[in-house]
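What follows draws every value from the coordinates through simple rules; no lab data is involved. Quick caveat, the model's predicted, so the values are computed rather than measured. FYI the Cβ positions are ideal-geometry reconstructions off the backbone, even for glycines, and counts take in every protein chain you see.
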Amino acid sequence: MSSNHHIVPFNVYIKVLSALLVLTVFTVLVAQMDFGVFNVLIAMGIATIKATLVLLFFMHLKYDNKLFPVIFLAGVFFLVVIFLFCEFDIMTRIPESSVL
Amino acid sequence: MSTVEAKPHKVAHHFDSAEQEVAASKLGIWLFLCTEILMFGGLFVGYAIYKRMYPEIFLQGSTFLDWKLGALNTVVLLVSSLTMALSIYYAQKGQSSKSTSCLWLTLLCGFIFMGVKYIEYSHKLHLGLAPGAFFSYTETATLQGLPLYFSFYYCMTGLHGSHVLAGMVLIFWLIIRSHKKHFGPSYYTPLECVGLFWHLVDLIWIYLFPLLYLVE
């Protein structure tokens with residue numbers, strides 16, 4: 001497996017860190033503004049872009065065995081499943097008899 | 001700077017080749033990271049549901065947090081991720097002393113992160129903003145359910161902080177092995193595996209920062 005010995009160029013790492021820092025500034029800036037219902041979506045969107053950069057370059061997913069992103073995304077998929085099932089449970093409860 | 005390994009790595013007898021050993025090690029770490037996602041995931045799901053049910057509690061809770069300290073810790077962790085990745089980069093290039101220096105820098109970032117965390121925690125505990133039943137803050141008019149926010153705050157940052165501490169212990173172990181010249185272009189699997197764990201801890205903080213500090 002030649003991918004194990006792939007060396008990511010130095011300047012790629014520097015560019016990725018710069019992008020992550022710019023996006024962190026962006027996270028703070030958009031938090032000062034009000035986009036209504038989109039607030040959470042924008043914050044999570046930026047966080048996901050940052051997470052993707054870390055995964056692809058720092059964690060070498062871009063260059064590594066393609067089985068690893070499948071494993072990682074399987075975890076994320078089941079997290080979404082847990083979230084949706086919990087939300088459906090809570091939202092479909094009858095308020096008068098719910099203990100929450 | 002040496003390109004010669006002082007102690008060449010021996011492939012464990014149950015592997016056919018060094019490539020297979022590396023692939024198996026990384027596969028194991030990725031499966032572990034998957035379980036980590038699900039462990040933190042439970043807290044994130046709880047946060048999302050309670051935030052939707054009681055948005056005003058989370059809004060008031062976040063006002064007790066200093067977003068500047070959160071942003072500082074975000075930058076510290078991002079830089080530490082770079083130095084961790086560079087430590088592998090230099091090991092791959094056979095520059096072992098630079099690789100070791102990068103590990104020291106990563107450990108230093110870990111200490112800065114935990115130091116800032118200590119300042120934040122001690123300030124809150126001093127005010128009485130303690131988790132659950134220990135909550136005793138009475139200074140200004142606060143919402144009745146405010147301890148809910150701090151329960152999430154301490155559980156999420158506490159679990160994350162314990163991961164940072166675990167990562168720091170592992171990085172210290174790497175530093176010892178790196179000083180003994182265990183790593184080089186042909187063998188740096190422990191660097192990669194601990195690195196993956198460290199990056200995941202960074203990744204989780206990327207989500208924790210806006211969720212806890214920048215609530216709108």
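Note down the relative contact order for chain A as a percent, whole number, built from C-alpha pairs under 8 angstrom at least six residues apart. Could you put the intermediate results ahead of the total?
Details: 29 pairs, mean separation 29.4, N = 100.
Dividing the mean separation by the residue count of chain A yields 29 percent.
Judged by the ratio a/c of the largest to the smallest principal axis of the C-alpha gyration tensor, chain A counts as oblate, that ratio being 1.5 or greater while a/b is no larger than b/c.
Using the Cβ-Cβ distance between A:Lys66 and B:His13 with R0 set to 30 Å, the FRET efficiency works out to roughly 0.55. Here the contact order of the stretch B:1-136, divided by its residue count and restricted to Cα pairs under 8 Å and six or more residues apart, works out to 24 percent.
Just list whichever of B:Lys98/B:Lys124; A:Lys62/B:Lys124; A:Lys66/B:Lys93; A:Lys15/B:Lys68 have alpha carbons separated by over 32 Å in the model shown. Cα-Cα > 32 Å for B:Lys98/B:Lys124; A:Lys62/B:Lys124; rest within. Computed from backbone phi with θ = phi - 60° and the Karplus coefficients 6.51, -1.76 and 1.60, the 3J(HN,Hα) list for the stretch B:109-123 is 4, x, 5, 4, 4, 5, x, 4, 4, 5, 4, 5, 4, 5, 4 Hz; x is used for glycine and proline. Only residues of the stretch B:61-104 count here: report those whose backbone N is under 16 Å from the spot 7 Å along Cα→Cβ of B:Glu139, or say none. Within reach of a label on B:Glu139, which here means backbone N under 16 Å from a point 7 Å along Cα→Cβ, the stretch B:61-104 contributes B:61-67.
Each of A:Ala74 and A:Thr52 was given a label point 7 Å from its Cα along the Cα-to-Cβ line. The distance between the two points is 2.3 nm. The label point for B:Met39 and the one for A:Ser98, both projected 7 Å from the Cα toward the Cβ, are 3.1 nm apart.
Stretched out straight at 0.36 nm per residue, the stretch from A:Met91 to A:Ala19 would grow longer than its current Cα-Cα span by 22.1 nm. Placing unit charges on the Cβ atoms of the charged side chains and taking the dipole of the protein assembly as shown about its Cα centre, the candidate lying farthest along the positive direction among A:Thr24, B:Phe134, B:Leu146 is A:Thr24.
Please order B:Arg177, B:Arg52 by the number of other Cβ within 10 Å, starting at the fewest.
Numbers: B:Arg177 16, B:Arg52 13.
Listing B:Arg177, B:Arg52 from fewest to most nearby Cβ atoms yields B:Arg52, B:Arg177.
Placing R0 at 30 angstrom, the Cβ-Cβ distance between A:Leu29 and B:Arg52 gives a FRET efficiency of 0.75 after rounding to 0.05.
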